[in-house]
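Peer 1: Here it is, the structure in full.
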Amino acid sequence: MNQATFDKERIDPVLADMFIPPSSHDNETHLVASKCNKCGVYFFPKRHICPNCFEEGTLEDKYLSNEASIYTYCVVRAAPVGFDSPYILGYVDLPEGIRIFTMIETDNMDDLKIGARVRLIAGKIRRDENGEDVMGYKFSVMKER
Amino acid sequence: MREISIVGAGMTKFAKMPERDVIDLGREACIKAIKSSGVPRKDIQIAYCGTARTGQLLNRECGVGQTILLDIGISGIPVTSVGNFCASGSSALREAYLAIASGMYDVALAIGVEKLSVRKGKGLPLTSDGVTLLTALGFSPPAYFAEIATRHMYEFGTTEKQMALVTVKNRGHSRYNPNCQYQTSVTVEEVLASRPIVDPLRMLNCCPTTDGAGAILLCAKDLAWKYTDKPVDIIASSLHFGLYEKNKDMTTFNSDRASGKEAYEMAGLGPKDIDVAEVHDCFSIAEILHYEDLGFCPRGEGGPFVEQGKADIGGEVAINPSGGLLSRGHPLGGTGLAQTTEIFWQLRGEADKRQVPGARVGMTHTMGGFQDSIELADVASSCIHIYRQGW
Ligand SMILES: [Zn+2]
């Protein structure tokens, strides 16, 4: 995706608070997590209270790292309405100690492996009832150098 | 705590039945359970009814149990709806068990029912209940179990053939169970050639959409002799909400391990003592994990366990002699008490051509449901009961 032309109007409202899409002054996409300043644990998406500390006001917003590695994956062939099959889902491990469920994309299915490096991007998730793209975040498998 | 016995059990045939409604299904299961028990209706003091999707699909959130009971001439007793994902029926049984164990009631009826075939999206996976965020990202239950399969294959060398063998075993059993939606055997080749759903899972690795109901009549053990000379005792009941954690090892279910451990301790038994088990084979990879989580084999050895015939009738433990969810289908709330009905028949020696020879101790295991979390994994409910011949 040409990150500079990302259409914010088309972001899925369900995902809107979870990430910052690229803009004219920052070409990167960012996942927004909560970090507890007492126990140091990250939570994604953001939480209202730290479930470990159970105290008000210990959470602050933090961007997560943009690179992760694949813990597991699957290739969806029988797709729910609005999703174009095949598409890839999986769990990826982030350096902040979080394993998250996400959509994954790749140019080459041979690169799709457990342990493969992936990078956060903004992009199309599905289509709405009018056939228009609905946007969100996902991870893209990085080319091995 | 008082000892508890099952004195009657009944279920409908499981199938897609467009002409029948949820009340009709529940009524048939209750009539069969009551008639098989010899318990007069006036002796039933309390009832629980487990359903998971009647609100979303049938516009009836409350009152399914009450309507069924009113239809068969039972009213004026406490009736409570139990919703607990795929374990709704099993959880209704557990509530009935606890009501008698407490000493407050002597005779209870548990019902589990669901009419799932009315859902939209024929040929597409059932979406989970209330997982808005996951669904927005393309989640479905088969995708979750496919992710588990990918990791289990990576860590332990589990193969698509071993997963197929779970289906082959359970569909083989289904030939002798007239209550199953599918009653024909399949080969490994047929499983591996069936339509891809979510790689590495194919159509025949997934349980079908189904309608059906089960019902169980239970009472204090010291009263069971009034009704039957072959009571089946419930010697353990355990239930856990998922034990969610970050960086979850997805090749095991924390909730199942906790429920299994508690059930074995309560029964004073171990995995080697179980002769027959009905476990939640919603997907073939799930049954492989259950062998491991319920202690029938060590971690990572679930694939060889089925491949070596250890889960067959006549193996180390007969797993899913009914045909399981893969053959019977999985009408959410209906599943748990169909499992208990099968174990009731097995321990009484009434399971016809699928009888597990010499079965004295049995287990049922029902699990499922998802929390709407991106970073925490497990299933939302895991319910286990252990049973023993009570005579
Ligand atoms: Zn904290």
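Peer 1: Running a GNM on chain B with Cα contacts under 10 Å, which residue among B:Gln56, B:Gln371, B:Gln355 ends up with the highest mean-square fluctuation?
Peer 2: Fluctuation is largest for B:Gln56.
Peer 1: A further question follows. Check B:Ile235: other-chain or 5+ apart residues with amide H under 5 Å from its amide H, H built from backbone geometry?
Peer 2: Counting only residues 5 or more places away or on other chains, the set is B:Ile386, B:Tyr387, B:Arg388.
Peer 1: Under 18 Å from the 7 Å Cα→Cβ point of A:Glu60, by amide nitrogen: which residues of segment A:6-31?
Peer 2: Once the point is set 7 Å along Cα→Cβ of A:Glu60, A:31 turn out to lie under 18 Å by backbone N, inside segment A:6-31.
Peer 1: Any idea what the alpha-carbon Rg over 2.2 N^0.38 Å comes to for segment B:145-303?
Peer 2: 1.19
Peer 1: So which chymotrypsin sites (Phe, Trp or Tyr not before Pro) in segment B:59-164 pass both tests, a DSSP loop state and at most 13 other Cβ atoms within 10 Å of the Cβ?
Peer 2: Passing both the DSSP loop test and the Cβ count: no residue.
Peer 1: Please find, in a Gaussian network model of chain B (springs between Cα atoms separated by less than 10 Å), the residue of B:Pro208, B:Pro298, B:Pro141 whose mean-square fluctuation is greatest.
Peer 2: Its mean-square fluctuation being the largest, the pick is B:Pro298.
Peer 1: Using square roots of five times the C-alpha gyration tensor eigenvalues, list the equivalent-ellipsoid semi-axes of segment A:99-145 in whole Å, biggest first. Provide the component values of the computation, followed by the final result.
Peer 2: Numbers: eigenvalues 112, 26, 16 Å².
The equivalent ellipsoid of segment A:99-145 has semi-axes of 24, 11, 9 Å.
Peer 1: Next up: Return the lysines within reach of B:Lys230: Cα separation strictly under 21 angstrom, same-chain partners fewer than 8 residues apart disregarded; answer none if there are no such residues.
Peer 2: B:Lys230 reaches B:Lys32, B:Lys35, B:Lys221, B:Lys353.
Peer 1: Percent relative contact order of chain B, based on C-alpha pairs within less than 8 angstrom and at least six residues apart?
Peer 2: Relative contact order, chain B: 26 percent.
Peer 1: I've got another one for you. How big is the A-B contact in terms of buried accessible area, both chains counted, 1.4 Å probe, rounded to the nearest 100 Å²?
Peer 2: On the way: alone 8770 and 14620 Å², together 20490 Å².
Result for this pair: about 2900 Å² buried.
Peer 1: Taking the inverse of the average 1/r across all pairs of different Cα atoms in segment B:166-233, what Kirkwood radius in Å do you get?
Peer 2: 15.2 Å
Peer 1: Run through segment A:54-145 and list the chymotrypsin sites (Phe, Trp or Tyr not before Pro) located in a DSSP loop whose Cβ has at most 11 other Cβ atoms within 10 Å.
Peer 2: Loop-located and lightly packed - A:Phe54.
Peer 1: How large is the accessible surface of B:Ser284 in square angstrom, using a 1.4 angstrom probe and rounding to the nearest 10?
Peer 2: Counting only protein heavy atoms, B:Ser284 exposes about 0 Å² to solvent.
Peer 1: Comparing A:Pro13, A:Pro51, A:Pro21, which has the greatest mean-square fluctuation in the GNM of chain A with Cα pairs linked when under 10 Å apart?
Peer 2: Greatest mean-square fluctuation among the candidates belongs to A:Pro51.
Peer 1: Oh, and also: In chain B, with Lys and Arg counted as +1 and Asp and Glu as -1 at Cβ, which of these residues, B:Gln181, B:Ser102, B:Tyr387, has the Cα nearest the positive end of the dipole, that is, farthest along it?
Peer 2: The listed residue farthest towards the positive side: B:Gln181.
Peer 1: Take the Cα atoms of segment B:1-132, find their three principal axes, and give me the spread along each one in whole Å, biggest first.
Peer 2: 45, 30, 23
Peer 1: For segment B:73-231, what D do you get in µm² per second when you plug the Kirkwood radius from alpha-carbon pairs into Stokes-Einstein at 10 °C and 1.306 mPa s?
Peer 2: 83 µm²/s
Peer 1: Provide the per-residue ³J(HN,Hα) series for segment A:78-94, in order, calculated from phi with Karplus coefficients 6.51, -1.76, 1.60 and θ = phi - 60°, each as a whole number of Hz, with x at glycine and proline positions.
Peer 2: 9, 8, x, 4, x, 9, 8, 8, x, 9, 10, 10, x, 10, 10, 9, 9
Peer 1: Could I ask something else about it? Could you give the distance between the Cα centres of segment A:85-145 and segment B:231-279, to the whole Å?
Peer 2: Each part's Cα centre sits 35 Å from the other's.
Peer 1: With +1 on each Lys and Arg Cβ and -1 on each Asp and Glu Cβ, and nothing else charged, work out how big the dipole of segment B:274-354 is about its Cα centre, in Debye to the nearest 20.
Peer 2: 180 debye
Peer 1: Next question. Ignoring ligands, DNA and RNA, how do B:Lys161, A:Lys138 rank by accessible area with a 1.4 Å probe, largest first?
Peer 2: The ordering from most to least exposed comes out as B:Lys161, A:Lys138.
Peer 1: Using a simple charge model, +1 on the beta-carbon of Lys and Arg, -1 on the beta-carbon of Asp and Glu, nothing else, what dipole does segment A:3-141 show about its Cα centre, in debye to the nearest 20?
Peer 2: 400 debye
Peer 1: In whole angstrom, and with the biggest value first, how far do the Cα coordinates of the protein assembly as shown range along each principal axis?
Peer 2: Largest to smallest, the principal-axis extents are 80, 49, 47 Å.
Peer 1: On the Cα set of chain B, report Rg and Dmax in Å, please.
Peer 2: 19.2, 57
Peer 1: In cubic angstrom, how much convex hull volume per residue do the alpha carbon atoms of segment B:214-311 span?
Peer 2: 139 Å³
Peer 1: Quick query: amide H of B:Cys86 versus all other amide H atoms, modeled in the peptide plane; which residues come in under 5 Å with a sequence gap of 5 or more or a different chain?
Peer 2: The list, which skips near neighbours in sequence, is B:Gly368, B:Gly369.
Peer 1: Give the average over all directions of the projected area of the C-alpha convex hull of chain A, one decimal, in nm².
Peer 2: 10.1 nm²
Peer 1: I would also like to ask the following. Which residue, chosen from A:Tyr71, A:Ile121, A:Val32, occupies the Cα position most advanced towards the positive end of the dipole of chain A, where the dipole is computed from +1 (Lys, Arg) and -1 (Asp, Glu) charges on Cβ about the Cα centre?
Peer 2: A:Tyr71
Peer 1: How high is the relative contact order of segment A:1-102, in percent, with contacts defined as C-alpha pairs under 8 Å that are six or more residues apart?
Peer 2: Working: 166 pairs, mean separation 18.6, N = 102.
So the answer I get is 18 percent.
The values are calculated or read from the model by the stated rules, or taken from the named source; none is laboratory data. Quick caveat, the model's predicted, so the values are computed rather than measured. Quick reminder, even Gly has a Cβ in these numbers, built from the backbone with ideal geometry, and neighbours come from all protein chains shown. Each accessible area value is taken on the protein alone, full model and side chains, heavy atoms only, with ligands, DNA and RNA left out. Shrake-Rupley method; radii C 1.70, N 1.55, O 1.52, S 1.80 Å.
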